[in-house]
1. Along the charge dipole of the chain, which of 73, 40, 229 sits closest to the positive end, that is, farthest toward it, with unit charges on the beta carbon of Lys, Arg, Asp and Glu (+1, +1, -1, -1)?
2. Could you tell me which of the pairs 312/373; 353/473; 226/269; 111/204 are separated by over 31 angstrom between their Cα atoms in the structure shown?
3. Mind sorting 337, 101, 266, 115 by how few other Cβ atoms lie within 10 Å of their own Cβ, fewest first?
4. Percentage of Cα-Cα pair distances in segment 313-420 greater than 24 Å, rounded to whole percent?
5. Exposure proxy check: 354, 26, 447, 98 ranked by fewest other beta carbons within 10 Å?
6. Can you compute the charge dipole magnitude of segment 37-354 about its Cα centre, using +1 on each Lys and Arg Cβ and -1 on each Asp and Glu Cβ, nothing else charged? Give it in debye, rounded to the nearest 20.
7. Of 213, 127, 175, which is farthest on the positive side of the dipole of segment 117-271, counting Cα position, with +1 on Lys and Arg Cβ, -1 on Asp and Glu Cβ, and the Cα centre as origin?
8. Would you mind checking which residues have amide H under 5 Å from residue 286's amide H? H placed 1.01 Å from N; only 5 or more apart, or other chain.
Amino acid sequence: MRIYHRLFLYCTVTMIFFTSCLKEVTPPQVILPVPNEYQLAWHELEQYAFIHFTTNTFTGKEWGYGDEQPSIFNPTGFDAEQWVKNIKEAGLKALILTCKHHDGFCLWQSKYTEHSLKNSPFMGGRGDIVKAVSDACRKYGLKFGIYLSPWDRNSAQYAQPEYITYYRNQLRELLAGYGEIFEVWFDGANGGDGFYGGARETRKIDNKTYYDWANTQSIVRELAPKAVMFSDAGPDIRWCGNESGYAGDPNWNLIDVDSLYPGKSHINKLLNHGEENGRSWIPAEVDVSIRPGWFYHENEDSKVKTPENLFKIYMESVGRGANLLLNIPPDQRGLLHENDIQSLKEWKKLLDKTFALNLAAQAKVTTDSYRGKSKTYAASNVTDGNKETCWATNDDVLKAFLEIDLAKSQKIHYVIIQEYIRLGQRIKAFDIEVWKDNSWMQVAKGTTIGYKRIIGLSPVDTPKIRINFTDAKACPVISNVEVY
Ligand code: FUL
């Protein structure tokens, strides 16, 4: 009898154990807003190149007035593959080209204007730089994006309704004629005065109404459904509020579009930080030039940003969950300058050296709390190299830690944390501690995380690290942790 009793008990315990393992734990709630598929793909690009090239390259100006003669545009050594190869080697994943800057000169054979390379000596007037660059991007596996300046200082029609038709016609030419476009860049700059077909006057427009953005945006959605659109006010990607190379800390991917029209004095700060309770997912892009100007000027050859400058910019853009759009302007030959290439190469080396060996990959990760005690949300998911798996806590647990055991003392410099943003941006505050002299010592404090956060530490020797999530909008959902 006793043996049956024992067997019964054993079977019951085993059954309870297995049913609890199989029990489905509900996934964490989505915290709105969340990114769409194209925004998610954009986040993963992290860093890409901007190319500013037009008549300014030959006049030395930053903003062409619009009266430049097309005949001055003559890059005799133009080689799009030289641009793209160097950009790719630098670890940049895409390229956005100024197809038309404020001066109105078009780098393609637009049907709608004579102010283009059609009337330049370049390739006997038969060249198409947009085509050459987009082809080179495809050949080397970079994504291609376009910049088409809404402000046009050459066009006689600018500030009149006819110009909007002209602008949209050009947008259609670019979106339909050059393969897949990943991003469309709508510049908000408008200085007023210009050539305007010979009028040489100041023309003012109302930024909010003149361009009728809703209808222009629907052209992009129709012809390039995968493209994200950048402008100060989105709709998909926002400006970071400065051209010096940094996203805010905190940096929320959320913002209210209504709050983004000029007139608000704190608009640049708002763009820089986003809003914790913003109603739209509109992440920040950090646009900055490798030189003081956006266009190439010979007298800036000695002012190219150093690899260390670029590393700092990387840490304050990508490292704060924004994307980096790094401008590298071709020179009058139509080539990226040797100094710029040198700096890019050294920067890439610095990044590769810094993030060479992920100490967390082989480490044991534990936590004080995980969702429903289910393997699906176990701490080890943050180091499995799979961005679709994550660690999460129960809905009511907003504070919890991840502990990374390195097995032996190692010198650590950087910690990378990524939220599973498909479920929304949640973390508001965290800190990092290291095990030192038999107790925990705080070495860093942070605010938001988002797609990616890279925290630089004063190098410290330690056998284990703790990331304490101390405040969040909802339970933490973390997909990746790396230690270097
Ligand atoms: C600004 C423009 O005025 C600059 O010339 C440059 O194109 C920069 C990226 O955006 O608004």
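1. 40
2. Exceeds cut-off: 312/373; 353/473.
3. Taking fewest neighbouring Cβ atoms as first place, the list is 266, 337, 115, 101.
4. It works out to 46 percent of all Cα pairs.
5. Ordered by Cβ neighbours within 10 Å, fewest first: 26, 354, 447, 98.
6. 420
7. Of the options given, the answer is 127.
8. 323, 324, 325
Any read-out appearing in this document is the output of simple, stated calculations on the displayed coordinates, not a laboratory observation. All of these numbers come straight from a predicted model, not from anything done at the bench. Backbone-built Cβ (ideal geometry, glycine too); neighbour counts: all protein chains shown.
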